[in-house]
Amino acid sequence: MLLWRRLAGLGSGRAPRRLRTAPGQAQTQTQTQPQAEGPGPGRTGDGDGALRPLYMDVQATTPLDPRVLDSMLPYLTAYYGNPHSRTHAYGWESEAAMEKARRQVADLIGADSREIIFTSGATESNNMAIKGVARFYKSRKKHIITTQTEHKCVLDSCRSLETEGFRITYLPVKNNGLIDLKELEAAFQPDTSLVSVMTVNNEIGVKQPIHDIGEICRERKVFFHTDAAQAIGKIPMDVNDMKIDLMSISGHKIYGPKGVGALYVRRRPRVRLEPLQSGGGQERGLRSGTVPTPLAVGLGAACEVAQQEMEYDHKRVSQLAERLVTKIMSEVPDVVMNGDREHRYPGCINLSFAYVEGESLLMALKDVALSSGSACTSASLEPSYVLRAIGTDEDLAHSSIRFGIGRFTTEEEVDYTVQKCIQHVKRLREMSPLWEMVQDGIDLKSIKWTQH
């Protein structure tokens, strides 16, 4: 007791210390320090005086919309009941919020709320759709069709099914990234159970002809699944008009929380799935486990906001994307846009800068958070499989950068990114012997390189 009083006495004369703004950050001093002016627009301090880069990687994840956070907070504090508890008000409150969120997701895609299954994200939704349909109908149907440019979780789900005896057709894409519908029609077999084609590609932004694919699948009585993680809330999607039977949705790609997503599963004509996990039978018995109410509420709110603002967002993102591409291409020669110029979502721009290594450019652009189209690891410098699939030369594939423009990207941020990009591409090319040889009129493809 005496020790406690002494400690209390020691602390009583001190000014209260402020809380940290984020884990790992320095305590804010009561006396304000003069802050250096940051070189880039929209860049935020991390509490140590260091500036964070501005964010241009919205295909990887998006910031949480403040309106979404506001809708979630009550369910993180006061309304904490289990939505599956049926015997008291705590459960009823959470269940009502969960069902409202289900309706909000359904309204965005023109579905019935009973067709929405909450999941942990698009990866789980893709696994559930592909493995679930394949395994349920395996006694009669053992063939699946997908494309070579799908997200890794779709391709890996298909590879997993191949070990179970299923046959998978991986359709090639044309040089513009789109599939050939005639090749799709030719790929059908009598025992085809599912076609899985993503709506908008996460690396190059191309938009597949989903409506036409849906028509082809419906004619042949084959289920059609689409990974719409990069499309939902950004372009209009209607599951009935597009004849989609299963659709994967992700929360954190549409300014919602991470760790939540949804799977749309059509009721008529009915799609049957074999569930991946066993348990209490929640979500129509397809996805056991307690639905996290705050996350589901966040996903619902994100879908509602996206529905209200889709037209405005799309117009604004299109203008900013046009500004970025036009300025870069007018100042820097030998820049290639990967993917179709027309059939695309404008907010995903993948550019290859010839005679510049993509990783070097990323390191130089440390003021801007971007990602490279080339999926490099320490052991392998293989370029992106998506860029390889569209026939991009290996040297160009290694020189690609993905620019992501979203709801909160400003014109000032785009201009700053453009300026820095042009500056560093020119600097890196000046250091490149290949660029020097091209300027001297030497055709690099005619050179026979020798290995020492």
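List every residue pair whose Cβ atoms sit under 7 Å apart, with the two residues 6 or more apart in sequence or on different chains, where the first one lies in region 98-115 and is under 13 Å from Gly298 (Cα atoms) and the second, anywhere, is open to solvent by 60 Å² or more (accessible area, probe 1.4 Å).
Gln104/Glu304
May I ask you to say which residue of Lys243, Lys258, Lys221 is open to solvent by 10 Å² or more (accessible area, probe 1.4 Å), assigned by the TED database to the domain that holds Leu155, charged (D, E, K, R) and touching a residue at least 60 places away in the same chain (Cβ under 8 Å)? Give the derivation first.
Working: Lys243 fails: touching a residue at least 60 places away in the same chain (Cβ under 8 Å); Lys221 fails: touching a residue at least 60 places away in the same chain (Cβ under 8 Å).
Just a single option satisfies the conditions, and that option is Lys258.
Anything in region 307-328 that is among the small types (Gly, Ala, Ser) and either crowded, with 18+ Cβ neighbours inside 10 Å or farther than 30 Å from Leu428 by Cβ (or both)? List them, or say none. Even if it seems obvious, please write down each step before you answer.
Start the filter on region 307-328 by keeping residues that are among the small types (Gly, Ala, Ser), which leaves 318, 321.
Within region 307-328, just Ala321 meets the criteria.
Do we have Ile422 as within 25 Å of Leu171 (Cα to Cα) and at pLDDT 95 or above here?
So Ile422 does not fit the description; no.
Of the residues in region 121-141, how many are open to solvent by 60 Å² or more (accessible area, probe 1.4 Å) and either part of a loop (DSSP other than H, G, I, E, B) or charged (D, E, K, R) (or both)?
Taking region 121-141 as the starting set, the residues that turn out to be open to solvent by 60 Å² or more (accessible area, probe 1.4 Å) are 123, 136, 138-140.
So of that shortlist, the ones also either part of a loop (DSSP other than H, G, I, E, B) or charged (D, E, K, R) (or both) come out as 138-140.
Here the count works out to 3.
Of everything in region 65-79, what is open to solvent by 70 Å² or more (accessible area, probe 1.4 Å), in contact (Cβ under 8 Å) with a residue 40 or more places away in the chain and not in a helix (DSSP H, G or I)? Give them in sequence order.
Tyr79
Could you grab me the full set of residues in region 261-297 that are over 21 Å from Leu194 (Cα atoms), small (Gly, Ala, Ser) and in contact (Cβ under 8 Å) with a residue 40 or more places away in the chain?
Selection gives Gly261, Gly280, Ala296.
Go through region 85-120 and report how many residues are among the basic types (Lys, Arg) and surrounded by 19 or more Cβ atoms within 10 Å (Cβ to Cβ).
Quick first cut of region 85-120, residues among the basic types (Lys, Arg) only: 86, 100, 102-103, 114.
Checking which are surrounded by 19 or more Cβ atoms within 10 Å (Cβ to Cβ) leaves us with 102.
Selection size over region 85-120: 1.
Got a number for residues in region 334-345 being exposed (fewer than 15 other Cβ atoms within 10 Å of the Cβ) and acidic (Asp, Glu)?
Going through region 334-345, the residues exposed (fewer than 15 other Cβ atoms within 10 Å of the Cβ) turn out to be 341-342.
Next cut, acidic (Asp, Glu) only: 342.
Qualifying residue count for the region: 1.
Please state which one of Glu411, Glu331, Glu304 is modelled with pLDDT of 95 or more, open to solvent by 10 Å² or more (accessible area, probe 1.4 Å) and within 30 Å of Ile116 (Cα to Cα).
On the way: Glu411 fails: within 30 Å of Ile116 (Cα to Cα); Glu331 fails: within 30 Å of Ile116 (Cα to Cα).
Of Glu411, Glu331, Glu304, the one residue that is modelled with pLDDT of 95 or more, open to solvent by 10 Å² or more (accessible area, probe 1.4 Å) and within 30 Å of Ile116 (Cα to Cα) is Glu304.
Being surrounded by 21 or more Cβ atoms within 10 Å (Cβ to Cβ), touching a residue at least 24 places away in the same chain (Cβ under 8 Å), on the phi > 0 side of the Ramachandran plot and not polar (S, T, N, Q) is the requirement here; does Gly251 meet it?
Details: surrounded by 21 or more Cβ atoms within 10 Å (Cβ to Cβ): yes; touching a residue at least 24 places away in the same chain (Cβ under 8 Å): yes; on the phi > 0 side of the Ramachandran plot: no; not polar (S, T, N, Q): yes.
Against the criterion (surrounded by 21 or more Cβ atoms within 10 Å (Cβ to Cβ), touching a residue at least 24 places away in the same chain (Cβ under 8 Å), on the phi > 0 side of the Ramachandran plot and not polar (S, T, N, Q)), Gly251 does not qualify.
Quick one: in region 154-175, which of the residues that are assigned to a loop (DSSP other than H, G, I, E, B) and under 20 Å from Tyr385 (Cα atoms) is most open to solvent (accessible area, probe 1.4 Å)?
Our first condition is that a residue be assigned to a loop (DSSP other than H, G, I, E, B); within region 154-175, this holds for 163-166, 172-175.
Next, from what is left, pick out any that are under 20 Å from Tyr385 (Cα atoms): 172-175.
On the way: Pro172: 55, Val173: 18, Lys174: 91, Asn175: 122 Å².
Only one residue tops the list, namely Asn175.
For the list (1) small (Gly, Ala, Ser); (2) touching a strand residue (DSSP E or B) at 6+ places or on another chain (Cβ under 8 Å); (3) assigned to a helix (DSSP H, G or I), I need the number of the one condition that Ala186 fails.
Going through the list (1) small (Gly, Ala, Ser); (2) touching a strand residue (DSSP E or B) at 6+ places or on another chain (Cβ under 8 Å); (3) assigned to a helix (DSSP H, G or I), Ala186 breaks only (2).
I'd like to check something: does region 180-194 contain any residue that is basic (Lys, Arg) and closer than 22 Å to Gly132 by Cα?
In the first step, residues of region 180-194 are kept if they are basic (Lys, Arg); the result is 182.
Filter again for closer than 22 Å to Gly132 by Cα, leaving none.
No, every residue in region 180-194 fails to be basic (Lys, Arg) and closer than 22 Å to Gly132 by Cα.
Looking at region 193-210, is at least one residue hydrophobic (A, V, I, L, M, F, W, C) and surrounded by fewer than 20 Cβ atoms within 10 Å (Cβ to Cβ)?
The first filter runs over region 193-210 and keeps only residues hydrophobic (A, V, I, L, M, F, W, C), leaving 194-195, 197-198, 200, 204, 206, 210.
Still in the list and also surrounded by fewer than 20 Cβ atoms within 10 Å (Cβ to Cβ): none.
No: region 193-210 contains no residue that is hydrophobic (A, V, I, L, M, F, W, C) and surrounded by fewer than 20 Cβ atoms within 10 Å (Cβ to Cβ).
Identify, from the list Glu203, Glu150, Glu215, the residue that is modelled with pLDDT of 95 or more, charged (D, E, K, R) and assigned to a helix (DSSP H, G or I). Walk me through how you get there before you give the answer.
On the way: Glu203 fails: assigned to a helix (DSSP H, G or I); Glu150 fails: assigned to a helix (DSSP H, G or I).
Of Glu203, Glu150, Glu215, the one residue that is modelled with pLDDT of 95 or more, charged (D, E, K, R) and assigned to a helix (DSSP H, G or I) is Glu215.
Looking only at region 381-410, count every residue that is under 21 Å from Pro346 (Cβ atoms) and within 22 Å of the chain's Cα centre (by Cα) and tell me the total. Break it down into steps so the answer makes sense when it comes.
The initial filter retains those residues of region 381-410 that are under 21 Å from Pro346 (Cβ atoms), namely 384, 386-387, 390, 392, 400-410.
Of the ones still in play, those that are also within 22 Å of the chain's Cα centre (by Cα) are 384, 386-387, 390, 400-410.
Qualifying residue count, region 381-410: 15.
If I filter region 355-367 down to residues being more than 20 Å from the chain's Cα centre (by Cα) and surrounded by fewer than 20 Cβ atoms within 10 Å (Cβ to Cβ), which single residue comes out as nearest to Met198 (Cα to Cα)? I'd like the intermediate steps shown before the answer.
Of all residues in region 355-367, those more than 20 Å from the chain's Cα centre (by Cα) come to 355-361, 363-367.
In the following step, the residues that additionally are surrounded by fewer than 20 Cβ atoms within 10 Å (Cβ to Cβ) were identified as 357, 359-360, 363-367.
Numbers: Glu357: 29, Glu359: 27, Ser360: 30, Met363: 31, Ala364: 32, Leu365: 30, Lys366: 31, Asp367: 32 Å.
Top of the filtered list is Glu359.
The values are calculated or read from the model by the stated rules, or taken from the named source; none is laboratory data. The structure presented is a predicted model; accordingly, all values stated were derived computationally and were not measured. Here Cβ is always computed from backbone atoms with ideal geometry, including for glycine, and neighbour counts include all displayed protein chains. All accessible areas refer to the heavy atoms of the entire protein, side chains included, with ligands and DNA or RNA removed. Shrake-Rupley method; radii C 1.70, N 1.55, O 1.52, S 1.80 Å.
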